[in-house]
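Encoded as structure tokens, the structure appears first; notes follow it.
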Amino acid sequence: MGNPDAASPPPHDTEARLTDVRHAADLHSGHTILRLGSDTRDPDDSEAEEALDRLRYEIALTIEHCHRVLDVSEVRSERDLTRVEPVVRKCVFWAQRYPWRSITVAAGAMPQSISHLPVHTPTALRRWDLQLWQRVQDLGIQYADYGIAHPGTAGAAWRPMPSLRYSDDEVWWIYLWPQGVADRHAMYDLCKELVASDHWPTQGRDFSWGDHQIAARADGVGGPGNAANWRAWTTSHHLAQVMD
């Protein structure tokens, strides 16, 4: 499939980008992902309609081979949901006029930073992106999100505190544990707290690769990891949670 960022519809795409998309589609039997909307623009069905003819010409687009993603980027409140739901419905009604291979609504709800949240206690953050899909799933469309990350590009924190962003049915549980220079046990203590919680899955460590890694640290096995490891463990759990 083509890269969603490289396959968003004109007029915002350059000729060079469309050439790259055409080459990528050729490598995969013409299959392409077309994203409508971005982190700065809501999906616009009128704009997309105008773009279709150019796409058909520039990249030899065959709609039956294309996946259409309606990306509303960040939804962080009831107000955001109220604003974007009619946008999504309007764009889905337009998209359903064509035989797309699939139609998916995508959104993200994780804040750019979690450093302001309390430490030594799990904090629940509502999965507003999931709530958006629950409101529009009657349209028969598929679900996508930004995992446990913010939709935008986040700057890397310098020596971030040990943390896990753990997906549950309706919320993420955010765990933040401060760590002193000489203290290497914060992540082990954090994982022990998570494994003992009521949102630890009934399958335990077998729920996902990430849960296996978390359970191992709760047992004091393996190194404490770093920010990339912590993100990988909870992304693995998030994927399993969504599929479940």
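Calculated over the range 158-244, the projected area of the Cα convex hull averaged across directions stands at 5.4 nm².
Between the helical axis of 45-58 and the longest alpha-carbon principal axis of the chain there is an angle of about 70 degrees. If you put +1 on each Lys and Arg Cβ and -1 on each Asp and Glu Cβ, how big is the dipole of the range 158-244 around its Cα centre, in Debye rounded to 20? About 480 debye.
Residue by residue, the range 185-194 carries 3J(HN,Hα) couplings of 9, 4, 5, 5, 5, 4, 5, 4, 4, 5 Hz when phi is fed to the Karplus relation 6.51 cos²θ - 1.76 cosθ + 1.60 (θ = phi - 60°); x denotes Gly or Pro.
Taking label positions 7 Å along the Cα-Cβ direction at both D244 and T82, the computed distance is 3.4 nm, reported to one decimal.
Charging the Cβ of each Asp and Glu at -1 and of each Lys and Arg at +1, and nothing else, the dipole of the chain about its Cα centre rounds to 340 debye. Applying 0.36 nm per residue to the separation of S197 and D53 and subtracting their alpha-carbon distance, the gain on full extension is 46.5 nm.
Taking the Cβ of T104 as the centre, find all other residues whose Cβ is under 14 Å away and add up their charges (Lys, Arg: +1; Asp, Glu: -1). Around T104, the surrounding residues sum to 0.
Segment Q112..A149, full-extension length gain: 12.6 nm, with 0.36 nm per residue of separation and the alpha-carbon distance subtracted.
Put a dot 7 Å past the Cα of D26, heading toward its Cβ, do the same for R89, and the two dots end up 4.4 nm apart.
Ranking of L36, L52, L18, L70 by neighbouring Cβ atoms within 10 Å, starting from the fewest: L52, L18, L36, L70.
How much net charge surrounds R205 when only the other residues with a Cβ under 12 Å from the Cβ of R205 are counted, with Lys and Arg +1 and Asp and Glu -1? Intermediate values should be presented prior to the final figure.
Values: positive: R217; negative: D206, D211, D219.
Computed value for this residue: -2.
Listed values (i) 47, 38, 36; (ii) 61, 36, 32; (iii) 46, 42, 39 include one computed from this model; for Cα extents along the principal axes in Å that value carries the label (ii).
Laboratory data are not the source of any read-out in this text; all were calculated from the coordinates shown. If you're wondering where the values come from, they're calculated on a predicted model, not measured in any experiment. Reconstructed Cβ throughout: ideal geometry from the backbone, glycine too, with neighbour counts over all protein chains shown.
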